[in-house]
Amino acid sequence: MDAEGSQLIVGQHVSQSPSDGGELENAVASIPSRLGRPKAALADAGYVNADAFERLEKEGIELYCSVHREDAHSERYYDFRPDKQSKREVKEPTDPRLIAMREKLRTEEGKAIYGKRNHTVEPVFGIIKEAMGFRSFSLRGKEKVSAEWTLVCLAYNLKRLHQLFSGPESGPSKPKSPPGSDGKTLASSMRVLCIRLARAASLKWAFPTVRSPRALALTPTSS
């Protein structure tokens with residue numbers, strides 16, 4: 001998702017991996033080149049992978065990835081959770097690369113940037129589930145599920161683009177464009193992304209196989 005205010009889905013992929021630990025690089029790679037290379041990426045604790053951090057940072061991508069469970073970042077003035085939850089010990093990392101990431105997220109700048117993750121990603125999932133009613137896949141198999149998820153992302157982006165370009169000139173429904181960009185460039189890029197998503201879905205979708213005339217001739221009919 002774009003964390004600069006638009007909340008558009010800029011990349012998506014389907015994986016059969018039981019965890020997100022090895023999916024960080026795949027998630028970044030799923031962003032079409034037409035949209036450019038991201039300068040920074042935010043990820044939750046499920047994506048922790050020190051080797052992936054190192055490779056992506058060498059490519060010039062600034063990472064902000066939690067190395068603790070998510071509630072370790074929640075500063076609560078009042079905590080009404082049971083003791084077994086509120087007093088759980090936070091497991092500290094030992095890898096120097098993870099320690100460096102932890103310290104980066106403890107800075108004021110790191111907290112502010114990582115704080116964008118919750119109100120960028122989570123609302124999108126909520127909209128897809130509640131507003132659009134998509135709660136489970138209807139198809140089976142990675143290829144078909146990938147096509148179905150591509151269509152869901154396409155539908156969400158079209159819905160979001162309509163809101164962005166038909167809403168008021170200012171306010172939460174019409175966010176400012178990121179520094180160094182303009183609305184026309186963003187709109188053009190997202191239109192290209194939507195077209196590519198639609199094409200990808202059509203190529204991956206499983207259409208019924210057309211039987212040959214010979215096979216049709218041998219098919220019994222009720223007449």
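The values are calculated or read from the model by the stated rules, or taken from the named source; none is laboratory data. Please read all numbers here as calculations on a predicted model, not as lab measurements. Neighbour counts run over all protein chains shown; Cβ positions are idealised from the backbone, glycine included.
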So which pairs qualify, if the first residue must be in the range 107-118 and within 12 Å of residue 65 (Cα to Cα), the second must be surrounded by fewer than 16 Cβ atoms within 10 Å (Cβ to Cβ) and not acidic (Asp, Glu), the Cβ gap must be under 9 Å, and the two must be at least 6 apart or on different chains? 113/40
Select from the range 26-45 the residues that are modelled with pLDDT of 90 or more and surrounded by fewer than 16 Cβ atoms within 10 Å (Cβ to Cβ) and list them in ascending order. 26, 29, 30, 32, 39, 40
Can you confirm whether residue 63 is within 24 Å of residue 11 (Cβ to Cβ), in contact with a Ser or Thr (Cβ under 9 Å, 6 or more places away or on another chain), at pLDDT below 95 and in a strand (DSSP E or B)? no
I need the full set of residues from the range 46-56 which are surrounded by fewer than 16 Cβ atoms within 10 Å (Cβ to Cβ) and closer than 19 Å to residue 117 by Cα, in order please. 46
Selected residue (only one of 122, 109, 169 is on the phi < 0 side of the Ramachandran plot, assigned to a loop (DSSP other than H, G, I, E, B), out of contact with any helix residue (DSSP H, G or I) (no Cβ under 9 Å at 6 or more places or on another chain) and at pLDDT below 95): 169
Considering (1) charged (D, E, K, R); (2) modelled with pLDDT of 90 or more; (3) surrounded by 13 or more Cβ atoms within 10 Å (Cβ to Cβ); (4) within 30 Å of residue 160 (Cα to Cα), say which one residue 20 fails and leave the rest. (2)
Per-region count, the range 131-165, residues over 19 Å from residue 10 (Cα atoms) and assigned to a helix (DSSP H, G or I): 4
